[in-house]
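A short write-up of the structure that comes next.
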Amino acid sequence: MPRRPGRPRLAVWKFASCDGCQLSLLDCEDELLAVAERLEIAYFGEASRRMLPGPYDLSLVEGSITTPADALRIRRVRRLSRRLVTIGACATAGGIQALRNFADAAEFAAYVYPHPQYVKTLATSTPIAAHVPVDFELRGCPIDKGQLLEVIKAFLVGRKPSIPNHSVCIDCKARGTVCVMVARGAPCLGPVTHAGCGAICPSYDRGCYGCFGPVAGANTAAIVREFSKLGMAPRDIGRVFRTFNAAAEAFRKEADAHGH
């Protein structure tokens with residue numbers, strides 16, 4: 001398909017990840033045709049065999065940096081991209097694979113691979129922002145497709161994306177969901193977790209798992225006190241914070257403080 005004059009070029013990149021956040025773009029379904037009308041999808045390995053060379057006006061980057069080769073590749077992506085947006089917990093906080101940051105990655109490799117000497121990996125899994133400048137971070141595991149469309153629309157019109165920066169608790173109140181901590185004594189990370197999922201887990205009578213990472217200014221010490229009142233052991237408290245966003249600073253500190 002020939003390039004339309006003046007149509008911005010979009011690239012979607014994968015690093016260490018499960019591909020779920022890239023699939024969120026394809027899950028837009030009805031809206032995807034409108035996106036394709038406004039943007040030229042120039043590079044998207046998940047969805048197309050047609051890979052056009054850069055530069056690109058907007059790059060969406062999924063995944064964390066876990067190998068020496070990817071540490072070099074992300075710098076090339078940054079050079080080719082006028083705007084770079086990271087999507088998902090892996091790209092914004094190192095992802096669940098950042099659990100390696102708290103152990104010996106070489107030991108892990110020895111358990112998994114018969115010939116670990118051939119595996120070229122870094123000792124840590126780090127977010128994209130630890131390696132190159134990032135223009136915007138979109139949280140989630142996976143991201144919300146509505147928020148992704150908002151980021152793309154904001155780029156097209158030259159404004160800042162309008163993404164909520166409140167906690168999951170606010171969404172629970174807005175939808176009339178009864179607090180699972182108050183009503184059932186169930187541990188819930190909602191008070192310290194960035195909104196974006198629509199408070200799905202509490203609406204099904206389960207505590208929030210922190211998929212969207214810590215909200216800005218998260219008072220994790222206060223939520224830990226509540227967990228202790230519920231009878232959670234320190235090790236269990238540490239495990240709560242070591243999931244999808246284990247390396248995010250606020251969550252990492254609490255996990256470290258509780259011996260996990």
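The values are calculated or read from the model by the stated rules, or taken from the named source; none is laboratory data. Bear in mind that the values here come from a model prediction, so they are computed numbers and not experimental data. Cβ: placed from backbone, ideal geometry, glycine included. Neighbour counts: every protein chain shown.
Say whether the condition of being aliphatic (A, V, I, L, M) and modelled with pLDDT of 95 or more is met by at least one residue in region 104-119. So that I can check it myself, show each step before the final result.
Going through region 104-119, the residues aliphatic (A, V, I, L, M) turn out to be 105-106, 109-110, 112, 119.
Now restrict to residues that are modelled with pLDDT of 95 or more: none.
No, there is no match, as no residue in region 104-119 is aliphatic (A, V, I, L, M) and modelled with pLDDT of 95 or more.
Have a look at Y56, Y43 and point out the one that is in contact with a Lys or Arg (Cβ under 6 Å, 6 or more places away or on another chain) and aromatic (F, W, Y). Break it down into steps so the answer makes sense when it comes.
Values: Y43 fails: in contact with a Lys or Arg (Cβ under 6 Å, 6 or more places away or on another chain).
Just one listed residue meets the conditions, Y56.
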Legend entry - Output for region 123-152, where each listed residue is part of a helix (DSSP H, G or I) and farther than 24 Å from R83 by Cβ: none
Inset, instruction - Could you list, in sequence order, all residues of region 32-45 that are in contact with a Phe, Trp or Tyr (Cβ under 9 Å, 6 or more places away or on another chain), of a type in the set (G, A, S) and outside any loop (DSSP other than H, G, I, E, B)? - result: A42
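Among the residues of region 166-198, what is the count of those that are small (G, A, S) and either in a helix (DSSP H, G or I) or within 18 Å of G231 (Cβ to Cβ) (or both)?
Taking region 166-198 and keeping what is small (G, A, S), we get 167, 174, 176, 183, 185-186, 190, 195-196, 198.
Checking which are either in a helix (DSSP H, G or I) or within 18 Å of G231 (Cβ to Cβ) (or both) leaves us with 174, 183, 185-186, 190.
Residues in region 166-198 being small (G, A, S) and either in a helix (DSSP H, G or I) or within 18 Å of G231 (Cβ to Cβ) (or both): 5 in total.
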Inset, instruction - Could you tell me whether any residue of region 205-219 is in a helix (DSSP H, G or I) and either surrounded by fewer than 22 Cβ atoms within 10 Å (Cβ to Cβ) or among the β-branched types (V, I, T) (or both)? - result: no
Inset, instruction - Exactly one condition in (1) in the same structural domain as D27 (by TED's automatic domain parsing); (2) on the phi > 0 side of the Ramachandran plot is not met by G196; state its number. - result: (1)
Inset, instruction - Test C201 against the stated conditions and say whether it is assigned to a loop (DSSP other than H, G, I, E, B) and either at negative phi or not charged (D, E, K, R) (or both). - result: no
Inset, instruction - Name every residue in region 164-186 that is surrounded by fewer than 20 Cβ atoms within 10 Å (Cβ to Cβ) and either of a type in the set (D, E) or closer than 15 Å to C211 by Cβ (or both), in order of residue number. - result: P164
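Report whether or not T177 is under 19 Å from the mean Cα position of the chain (by Cα) and of a type in the set (S, T, Y).
Details: under 19 Å from the mean Cα position of the chain (by Cα): no; of a type in the set (S, T, Y): yes.
No, not satisfied.
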